[in-house]
Every structure is written in structure tokens, then in C-alpha cells.
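Just so you know, all these numbers are worked out from the coordinates, no wet-lab data involved. Since we're looking at a predicted model, the values are computed, not measured. Note that each Cβ is placed from the backbone with ideal geometry, even for glycine, and that neighbours are counted across all protein chains shown.
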Amino acid sequence: MIKRDGQALVISSIMPNPFSQMVTIDMVAETEGVSTFSIHDKLGQTVKTFALKTVKGLNHIQVNDLSGLSSGVYLLQIRNSDGEVNAKLYKTN
């Protein structure tokens with residue numbers, strides 16, 4: 001199990017980043033369960049949120065239909081019973 005700073009939930013990659021229409025997130029979870037994914041704009045407003053069942057170990061998540069977002073920096077937040085992890089997303093047109 002990969003851990004960073006004691007975290008049990010880890011984002012191992014986000015590709016492409018910057019993105020234009022879709023992004024793929026590889027995350028490692030210590031336990032099986034439901035993970036909530038939220039994308040927030042620079043004002044902290046939630047622009048997209050969804051929940052998925054995730055497995056123990058590596059999860060490959062594809063987020064489609066992001067073409068409607070304006071160019072800029074966004075915060076990706078993932079939460080589950082293992083904890084919370086955040087990462088920056090960069091949107092281009």
C-alpha cells in the first residue's frame with residue numbers, strides 16, 4: 001500500500017493535466033467503499049460532484065464532459081472512509 005504523509009488515500013496520477021474535455025484519475029484506496037469526487041472552482045463553488053464505488057488498491061476513474069468548464073485552476077477533492085485528498089486541475093480550452 002502506497003502512503004504519503006500517513007495518508008491511506010492517494011492520487012497516483014491525473015492525466016492529462018492540463019485537460020480540455022476529460023481527465024483520468026488513478027487513485028489508491030486502502031479499503032473498498034464509496035468515494036465522493038468533487039471539483040471546485042477558484043471561488044470554492046462546486047462545479048461537479050459524483051460518487052463511485054472504489055476497490056481496495058488502484059482505481060482508474062475517467063471523468064468526462066468537462067468541456068463546459070471555463071479555463072482556469074480547479075480543486076479536485078476525493079473523500080472516502082480512508083480520508084480526503086486534494087489536487088489541482090488545470091483546464092484549457
Worksheet item: In segment 42-78, what count of residues is obtained for those that are of a type outside the set (A, V, I, L, M) and under 12 Å from Thr31 (Cα atoms)?
Response: 5
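Can you pull out the residues in segment 42-59 that are among the polar types (S, T, N, Q) and farther than 27 Å from Gly72 by Cβ?
Within segment 42-59, the first condition is being among the polar types (S, T, N, Q), and the residues that meet it are 45-46, 49, 54, 59.
Once the filter is applied, which keeps residues that are among the polar types (S, T, N, Q) and farther than 27 Å from Gly72 by Cβ, segment 42-59 yields only Thr54.
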